[in-house]
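The values are calculated or read from the model by the stated rules, or taken from the named source; none is laboratory data. None of these values were measured; they are calculated from a predicted model. Cβ sites come from the backbone with ideal geometry, for glycine too, and all protein chains shown count toward neighbours.
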Amino acid sequence: MLLALLTAGSALAEDRPRQRVGKVTLRVTQVFPETHQALVYDKATNKHVVVTEGEQLGKYEIVEVGDDELIVRVSGRELVLPAEQPTTPAAPAAPAKPADPGLLDPYATSTPAPPAAAPSGPGPLDPYAGIAPTPAEIRVVVAPAAQRAGGSAAPLDPYAPIATPATPTPAPAKPDAKPPVVAKPAAPPPPPAPPAAPAVEAIRLESMTLKRGELASALGDFDSLHKAIGFVRTGTGVRLTTIAPGSYFHGMGLRSGDVVTAINNAPLRTLDDAAAAYARLGSAKKLDLAVVRAGERGTLHFALK
């Protein structure tokens with residue numbers, strides 16, 4: 001019974017009409033077996049497309065890319081599409097070889113005439129015989145003046161070497177001639193002298209009176225103090241690097257470059273010395289500043305009121 005069923009199924013399958021594929025719209029232009037790809041022209045879209053095995057292009061399934069064919073599946077059927085063969089261009093025709101003018105045609109009907117023989121005679125022919133020169137062709141050659149003058153002068157030799165005029169020898173210099181005097185170059189001007197150093201102002205000797213409030217105000221205004229005076233500490237005291245002209249301290253007689261070594265006979269070497277001197281100004285009645293200026297020592301005396 002199983003055999004009967006298989007036979008009946010096979011008969012039904014053969015009797016079933018196959019689906020029509022229709023017109024194939026693909027044209028294989030070139031195949032690339034190494035990469036399993038092909039270049040096809042789709043007439044439905046009027047475009048060239050690169051397809052790969054397993055890809056779907058419209059209703060066509062790309063099954064396999066062979067060496068010179070493409071296998072596709074459409075409507076349940078597989079179609080083998082051969083690749084187009086490239087056309088080989090025809091070789092250009094060889095140019096016609098020109099005939100050799102030196103070869104004779106054995107079948108030519110006419111025979112070339114032999115060259116005319118030179119006429120025989122007792123002697124050679126004169127090529128210029130019978131041709132009279134025209135007046136324009138006649139050239140008169142005049143002999144050199146020495147030959148035309150006549151006499152016993154010997155004829156000139158046209159091949160004699162041409163004499164070269166002798167080069168005059170310069171006259172020797174006289175022994176008592178003096179050599180030319182060569183002017184000595186002018187000595188360069190001496191360099192300009194450096195500007196003279198400004199005269200150092202002497203340290204004031206007379207005493208000066210200061211108001212205690214004005215001095216305290218000048219020392220307490222740190223903003224103005226920073227602009228009017230600059231200083232650095234040294235091993236012997238405090239060097240005043242800047243004293244602004246017109247400032248309160250310039251009026252006291254202090255100058256830029258002064259080194260203050262002591263205040264009221266107390267050495268000034270550290271910040272503690274400066275702080276102690278500032279604290280004693282409130283009750284002091286005088287102010288003595290020991291100053292060193294350009295190597296000279298002196299003392300500025302002030303009376304505080």
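Observations on the structure shown:
- Cβ separations smaller than 7 Å between residues 6+ apart or across chains give the following pairs from the range 28-53 residues that are farther than 11 Å from Asp68 by Cα to residues that are of a type in the set (Asp, Glu): His36/Glu53; Val49/Asp42; Glu53/Glu64.
- Criterion applied to Gly235, Gly246 was being without any contact (Cβ under 8 Å) to a residue 12 or more places away in the chain, assigned by TED's automatic domain parsing to the domain that holds Leu215 and exposed (fewer than 13 other Cβ atoms within 10 Å of the Cβ), and the one residue passing it is Gly246.
- Subset of the range 263-276 (residues that are surrounded by fewer than 18 Cβ atoms within 10 Å (Cβ to Cβ) and outside any loop (DSSP other than H, G, I, E, B)): Ala266, Pro267, Leu271, Asp272, Asp273, Ala274, Ala275, Ala276
- Those residues of the range 216-252 which are in a helix (DSSP H, G or I) and either of a type in the set (Val, Ile, Thr) or in contact with a strand residue (DSSP E or B) (Cβ under 7 Å, 6 or more places away or on another chain) (or both), in sequence order: Phe249, His250
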